[in-house]
Amino acid sequence: MQTRGRPSKKTGAPRYANRLRELRHRLGLSQQEVALQAAISAAYYGALERGDKRINADTAQRLHRPLRCAVSDLLSGTQGVSVPLRFAIAAAECASRPDRFELPEPHEMLHPGRAREPQDCLAAEIFDDSADLDFAPGTVIFLRPQALLREPLRAGARIVTRFFLEPARDDAERPTHEILYGLLDQNILGDLVLITRTHNRLIPRHSLIQAAVPSRSGFSDSVAPVPRRDGVIEYRQSADDAAEILGLVVYAMGPA
């Protein structure tokens, strides 16, 4: 016999599983706030989040911006993988870059295209002409951090490097001077350098990442990379380095 009153809540698996709740909570938004930004009704959004309705292509286009994710993250159920956009690639004198080279949280989440093992990657966007021999401004580069590489770095590898404004002092955070894309190389002295890929003559052709010899103060804990004939570079970051390698380029996505 049927009873009156509100129907009982569903306890089984949702009909159309998705990541809407996870993505919304990451940003600290309410259902009403997401619905308003996506120009859909709060009731419809609630049905989507509960899995009562399927997310179609049009709805995914409306939702991906307020949820700061890729459209494919919304169309792939619970299996979508997106990558955080964490850094701005630009020379120090670039006027069009954000205020900080480290982009603020919550990070925009991007689909990693054909990058292998994207769960280990992070992303950086090019804001100027500092890489214009290879990439146009607006290109997003997907990086795998050096600590997660399965193979050693080699001369000629495409990398993104953060250069610091001043030497390390105690445990203080070092301000970023610039973040540049280029090719990894090692000179005859054993210094590890970045070869920039740009027509811009104001950007140095070679930028020091790690010196092969300790500083004159004698207090450097830098471990000099040893040149090898096979091109493998033994790199271990130290606090005294002029820069740090943020990651190896594994995929690039051109501007829309």
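Some points to look at:
- Condition met for Ala136 (within 18 Å of Ala242 (Cβ to Cβ), outside any strand (DSSP E or B) and either open to solvent by less than 50 Å² (accessible area, probe 1.4 Å) or of a type in the set (A, V, I, L, M) (or both)): no
- Pro118 vs. criteria without any contact (Cβ under 8 Å) to a residue 40 or more places away in the chain, more than 13 Å from the chain's Cα centre (by Cα), open to solvent by less than 70 Å² (accessible area, probe 1.4 Å) and on the phi < 0 side of the Ramachandran plot: no
- Of the listed requirements (1) open to solvent by less than 40 Å² (accessible area, probe 1.4 Å); (2) within 28 Å of Asp185 (Cβ to Cβ); (3) of a type outside the set (Asp, Glu); (4) within 16 Å of the chain's Cα centre (by Cα), Arg158 misses just one: (1).
- When restricted to residues that are open to solvent by less than 10 Å² (accessible area, probe 1.4 Å), closer than 13 Å to Arg21 by Cβ and part of a helix (DSSP H, G or I), region 48-72 contains 2.
- Matching residues in region 121-133 - criterion: being open to solvent by 30 Å² or more (accessible area, probe 1.4 Å) and within 12 Å of the chain's Cα centre (by Cα): Glu125
- Among the residues of region 166-211, the one identified as open to solvent by 40 Å² or more (accessible area, probe 1.4 Å), in a loop (DSSP other than H, G, I, E, B) and touching a Lys or Arg at 6+ places or on another chain (Cβ under 7 Å) is Glu166.
The values are calculated or read from the model by the stated rules, or taken from the named source; none is laboratory data. The model shown is predicted, which means the values in this text are computed figures rather than measured ones. Neighbour counts are summed over all protein chains in view; Cβ atoms, including those assigned to glycine, are modelled from backbone coordinates with ideal geometry. Ligands, DNA and RNA are stripped out before the accessible areas are found, and what is left, the full protein with its side chains, is counted by its heavy atoms. Shrake-Rupley method; radii C 1.70, N 1.55, O 1.52, S 1.80 Å.
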